[in-house]
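The structure under discussion appears below in the form of structure tokens.
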Amino acid sequence: MALDAAEQPAVAYIHEDKLWYAAYTPIGWVHTVVDDGSEGSINNNVIPSLAFDKNGNPAIAYLRDGQLTYAANHAGWLISPVDESDAVVWCIDLVFDSNNMPLIAFYDGSSNWDGTSLKLAGIGLTATCAADLN
């Protein structure tokens, strides 16, 4: 859950193998499908992470086909994979830095806890929302 610019709650969740975004409005909750799973199954074993950028746009980090994935709403949801193909992703957390760039922290469960299992993915977005791991 996160609060939008008007301090209204919003949530990202998985239901019926789809990724959903719900925003609370004066008339109640408005639910929107972000990813219908047609490009790959939505993993429901890891809770998606929701954050708002400095412009008030929602973004979600989640797993699709076991791959770390980023969705951002800029007049429509744009979805990009984040290249971490060797990671077994658990515990996703999305935030925005002072430059309004998204950062995703996650636990890589493919190795024992050795001090390198907690990773940080920095995403550079293009106009088409292509994500690159920095």
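The values are calculated or read from the model by the stated rules, or taken from the named source; none is laboratory data. Keep in mind that what you see is a predicted model, and the values were worked out from it rather than measured. Methodologically, a virtual Cβ is constructed for each residue, glycine included, from the backbone with ideal geometry; neighbour enumeration extends over all protein chains shown. Areas reflect the complete protein model, heavy atoms only, side chains present, ligands, DNA and RNA absent. Shrake-Rupley method; radii C 1.70, N 1.55, O 1.52, S 1.80 Å.
When the residues of the range 27-74 are filtered to those that are open to solvent by 30 Å² or more (accessible area, probe 1.4 Å) and in contact with a Ser or Thr (Cβ under 8 Å, 6 or more places away or on another chain), the one that is nearest to Val89 (Cα to Cα) is Gln67. Of note, Leu94 does not satisfy the criterion of being part of a strand (DSSP E or B) and open to solvent by 50 Å² or more (accessible area, probe 1.4 Å). I'd like the full set of residues that are at pLDDT 95 or above and out of contact with any Phe, Trp or Tyr (no Cβ under 7 Å at 6 or more places or on another chain), limited to the range 39-55. Passing the criteria: Ser49, Leu50, Phe52.
How many of the residues making up the range 1-23 are among the polar types (S, T, N, Q) and assigned to a strand (DSSP E or B)?
0
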